[in-house]
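Bear in mind that the values in this text are calculations on the coordinates, not laboratory data. No experiment lies behind these values; they were computed from the predicted model shown. Please note: Cβ atoms are built from the backbone with ideal geometry, for glycine as well, and neighbour counts cover all protein chains shown.
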Amino acid sequence: MTVRFAIHRIAFYVAIFLLCGVVLGLAGHQASIFLPDLHVSFTIFALVIPALTIFSMLISLQFAQPQTEIPLIFILWALWLAMAAWATDIISFVQCDALTTETIPTKNGGTIRQRSYCYEMKVIQAFSWMIFVLFTAGWVILMNLIAQAQRLGRMNIWREPIQELGWFGEMPGYYNTAQPPAPPASMYPAPQFQGYGYSQNYAQPQPVYQISQGPHGTQVTQVPVVQVPQI
């Protein structure tokens, strides 16, 4: 896996998990005070979408391929668009600060301050739109990285682990590395070196001495001899 792509992907997932956790917590609180009689449709939808997002992305975090993550992000993008639009339709024109003593009914004949409910819905609305924007950016970036990998020769990148994608300007990785694996080195025998010496066809020269008589007596001198190779 290329390091930069890994860091950005983990950051994207963490941001989605945190935002989904907030929406799921608020939806759970509303489910505890409204279900099964009041605001049934939106409350159930607000519970299912973040839970489905967290579950599917936990699986995708480890086992995704581009051919699976692209459709997954698109489906979640559409679901969060519906979630954000629904929350906007319910609460967008309500001014929470203007609500003072108003209450709305809850299950078992209880009530809750309408201002508290309004603030919760505003948070759900804002976080839903934020998740929608993140999925939009993530889908566009991922498509560009896939196209880049194909331009660099990885034509089958759609069926390979998504961890092998490179960030912008980087080569795709191979099996948790940033560079293609080097071909195995050929096994060549180590060269054998022979020391310089006399060939078996040459007789090693023996020293030759010359004895001569001079004015100072007998002189012995060594004469260099060049040995002719034997045939």
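So, Phe12, is that one in a helix (DSSP H, G or I), surrounded by 15 or more Cβ atoms within 10 Å (Cβ to Cβ) and either among the β-branched types (Val, Ile, Thr) or touching a residue at least 12 places away in the same chain (Cβ under 8 Å) (or both) or not?
Here the answer is yes, as Phe12 does meet what is asked.
Name the residue that is surrounded by the most Cβ atoms within 10 Å (Cβ to Cβ), counting only residues in region 76-118 that are over 30 Å from Met57 (Cα atoms) and of a type in the set (Ser, Thr, Tyr). So the residue we want is Thr106. Put simply, of Leu38, Leu145, Leu134 the only residue that is touching a residue at least 60 places away in the same chain (Cβ under 8 Å) and touching a strand residue (DSSP E or B) at 6+ places or on another chain (Cβ under 8 Å) is Leu38.
The lone criterion from (1) part of a helix (DSSP H, G or I); (2) touching a helix residue (DSSP H, G or I) at 6+ places or on another chain (Cβ under 9 Å); (3) closer than 30 Å to Phe42 by Cβ left unmet by Leu142 is number (3).
Quick check on this structure: which one of Ile124, Ile49, Ile73, Ile59 is under 34 Å from the mean Cα position of the chain (by Cα), exposed (fewer than 14 other Cβ atoms within 10 Å of the Cβ) and part of a helix (DSSP H, G or I)?
Selected residue: Ile59, the only one of Ile124, Ile49, Ile73, Ile59 that is under 34 Å from the mean Cα position of the chain (by Cα), exposed (fewer than 14 other Cβ atoms within 10 Å of the Cβ) and part of a helix (DSSP H, G or I).
Quick check: anything in region 92-106 out of contact with any Cys (no Cβ under 9 Å at 6 or more places or on another chain), touching a residue at least 24 places away in the same chain (Cβ under 8 Å) and assigned to a helix (DSSP H, G or I)? No, the conditions are met nowhere in region 92-106.
Annotation: of all residues in region 127-141 being buried (at least 21 other Cβ atoms within 10 Å of the Cβ) and either among the β-branched types (Val, Ile, Thr) or over 25 Å from the mean Cα position of the chain (by Cα) (or both), the one that is farthest from Pro66 (Cα to Cα) is Phe127.
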